[in-house]
Each structure stands twice: as structure tokens, then as C-alpha cells.
Amino acid sequence: MPRHRFELNGQPVSVDVPDEMPLLWVLRDVLQLTGTKYGCGIMQCGACTVHLDGEPTRTCRLPVAEAAGRRVTTIEGLAGDSLHAVQRAWIAEQVPQCGYCQSGQIMSAAALLRRARRPSGAQVEAALAGHICRCGTYARIRRAVARAADALAVAPAWTDEDAGAEDG
Ligand code: FES
Ligand code: FES
């Protein structure tokens, strides 16, 4: 079976799985990182979103071979020892209901705030477009993104604590 090597949450990993196995299966079933969720399996809901070289990427149909040599960050590795600013805002706004969609939502929000510390409403909508929440937490998600942006705006710099440990 082919061996696939990539960086996962800052650590090198190697897995012996078929080329076409979706990265989501590798993360959840082979590497036991179950924070990333399976929702639709057809790239339509966003539950399976991780960062691939820092970009939010859906993994339910992404062959593991496409991750070879790249940086994969999951919700488990988004922050260092503490929580990411987005995670803190999510808690403050009490966003999750069942929680199923939330790791994907958080990964996309964190990537947005890395690109744009003061995102416009249109940027927020674009970043979170296609993330489906069957519990209807959309309004709280928008409030949490704004709260995280406020927190980051007064931060002196992107630090591990404020911005996550992911990729500087
Ligand atoms: S599980 Fe991947 S987009 Fe829905
Ligand atoms: S919190 Fe339940 S699906 Fe979003």
C-alpha cells in the first residue's frame, strides 16, 4: 500500500493507505483525530473542513495523495496550549448547539481572520458560505467572528495564544 507523508498539526506523519482514501477518513479512522466531522460526504456542508497549507479545505472527497508533503491542520491543532481567539469567541457567544458543524465553521473563520483582521460582512459571508448548520446557529457564528476580530484587533501581534499555533 502506498505510504503518504505530510505534516499534521506541526508533526510529521506517515500513513499506509490507498491513494484515493479521502483525507477525512485518514484523519478520523487512521489517525484518530475525530474533531473533523463527516456531514454530507459530497463537499456540500463544510463539516469536514481543515486547513491545507493554511487554506480552508474540505476533506470528505480529497484523496490523501493530494496532502502529500503539505501542512494539514485540524481543529485539534488550531491553537497551541491555549485556545485560538476564534474558539474563545465561540465559547463567549455560546455558539454551538449539537456542535457537529462547528469545527468546520471555526476552521474557516480562523483562516478568514488570518487573512483579514477586520473582515467586511461580505468577506465573512463569503468565508462561511456553504457551511451548513442544521441547528441554525448562523447569527451567533457571525457575532463570534466579530468578537474574535475585535479581540485580534487589540492584540499587539499574531501570537500563538491569540492567533493559534498553526503557521505563524
Ligand atoms: S462532509 Fe465534507 S463537505 Fe460535507
Ligand atoms: S451546531 Fe448543530 S449543526 Fe451546527
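The values are calculated or read from the model by the stated rules, or taken from the named source; none is laboratory data. Everything numeric in this text was worked out from a predicted model, so none of it was measured. Glycine gets a Cβ as well: all are built from the backbone with ideal geometry, and neighbour counts include every protein chain shown. Only protein heavy atoms, including side chains, enter the accessible area calculation; ligands, DNA and RNA are left aside. Shrake-Rupley method; radii C 1.70, N 1.55, O 1.52, S 1.80 Å.
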Which residue pairs have Cβ atoms under 8 Å apart, sit 6 or more places apart or on different chains, and have a first residue in segment 88-104 that is at positive phi and a second that is in a helix (DSSP H, G or I)?
Q94/R140
Can you pull out the residues in segment 92-107 that are part of a loop (DSSP other than H, G, I, E, B) and within 10 Å of ligand 2 (Cβ to nearest atom)?
V95, P96, Q97, C98, G99, Y100, C101
So if I check each of R114, R70, which one is touching a Phe, Trp or Tyr at 6+ places or on another chain (Cβ under 7 Å), away from ligand 2 (no atom under 16 Å from the Cβ), in contact (Cβ under 8 Å) with a residue 24 or more places away in the chain and open to solvent by 50 Å² or more (accessible area, probe 1.4 Å)?
R70
Matching option when the condition is within 14 Å of the chain's Cα centre (by Cα) and either away from ligand 2 (no atom under 16 Å from the Cβ) or not in a loop (DSSP other than H, G, I, E, B) (or both), among A47, A79:
A79
Quick one: how many residues across segment 128-164 are in a helix (DSSP H, G or I) and either at pLDDT 95 or above or over 25 Å from T59 (Cβ atoms) (or both)?
19
Residues of segment 117-143 being closer than 20 Å to M43 by Cβ, among the aliphatic types (A, V, I, L, M) and surrounded by fewer than 18 Cβ atoms within 10 Å (Cβ to Cβ), in sequence order, are A126, A129, I132
Among (1) modelled with pLDDT under 95; (2) touching a His at 6+ places or on another chain (Cβ under 8 Å) - the single one V72 does not satisfy
(1)
Conditions: (1) open to solvent by 60 Å² or more (accessible area, probe 1.4 Å); (2) closer than 20 Å to A127 by Cβ; (3) away from ligand 1 (no atom under 11 Å from the Cβ). L52 meets all but one. Number of the miss?
(1)
How many residues of segment 79-111 are open to solvent by less than 40 Å² (accessible area, probe 1.4 Å) and among the hydroxyl-bearing types (S, T, Y)? The answer is 2
Restricting to segment 59-72, give me the number of residues that are over 18 Å from M43 (Cα atoms) and outside any loop (DSSP other than H, G, I, E, B).
1
Residue in segment 1-44 that is farthest from T73 (Cα to Cα), counting only those that are free of Cβ contacts under 8 Å to residues at least 40 places away in the same chain, in a loop (DSSP other than H, G, I, E, B) and of a type in the set (A, V, I, L, M):
M1
